[in-house]
Amino acid sequence: MNAGSSNDEPSDGDDDRVFKALASATRRRMLDLLKAAPRSTGALCAALPELDRTTVLQHLRVLEAAGLVNGRRVGRERHLSLAPLPIKRIHDRWISDYMHAAVDLLGRLDES
C-alpha cells in the first residue's frame with residue numbers, strides 16, 4: 001500500500017520508520033530492555049546511564065513514531081512497553097521471504 005492509502009494496511013512509510021528505528025544500536029538496546037519487561041521512562045533512563053534523559057527521550061520518540069513502543073500515563077509516571085506487531089510485520093513481509101529464498105537456493109546447490 002502507498003503512504004496515502006485510507007485503509008488500515010501498513011504503508012511503505014510505516015516500514016521505513018521501523019527500519020529507521022531499528023538502525024540504531026541504542027534503540028535496539030532499548031527494545032531489548034522493554035522486551036524483558038515493561039518499564040517507566042525513569043527506569044529506562046536508569047538502565048541506560050551512559051545517556052542523558054533528553055537523549056533517551058529522543059530515541060524513545062523515534063521508537064514510538066515507528067509504533068514499536070507504547071506509552072501510557074500512570075499518575076505522574078509514563079509506563080512503556082514493547083509493541084511487537086511492527087517487527088512481526090517486517091519479519092513476515094521481508095525476512096521470511098528472503099529466508100525461504102536463501103534456503104531454496106542452498107537446497108538447489110546441494111542437489112548440484
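The values are calculated or read from the model by the stated rules, or taken from the named source; none is laboratory data. If you're wondering where the values come from, they're calculated on a predicted model, not measured in any experiment. Note: areas computed on protein heavy atoms with side chains; ligands, DNA, RNA excluded. Shrake-Rupley method; radii C 1.70, N 1.55, O 1.52, S 1.80 Å.
Structure summary
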| quantity | calculated |
| --- | --- |
| Between 0 and 90°, nearest 10: helix 96-111 axis offset from the chain longest Cα axis | 30 |
| Within the accessible area of the chain (1.4 Å probe), percent carbon and sulfur | 55 |
| Share of pairwise Cα separations in the range 21-72, more than 17 Å, in percent | 22 |
| Angle in degrees between helix 25-36 and the longest Cα principal axis of the chain, rounded to the nearest 10 | 80 |
| ASP52, ASP14, ranked by accessible area, largest first (probe 1.4 Å) | ASP52, ASP14 |
| Residue-normalised accessible area of the chain, expressed per residue, 1.4 Å probe, Å² | 67 |
| Hz values of 3J(HN,Hα) by residue in the range 61-68 - Karplus curve (6.51, -1.76, 1.60), Gly and Pro given as x | 4, 5, 5, 5, 4, 7, x, 8 |
| Span per principal axis, largest first, for the Cα atoms of the chain (Å) | 62, 37, 20 |
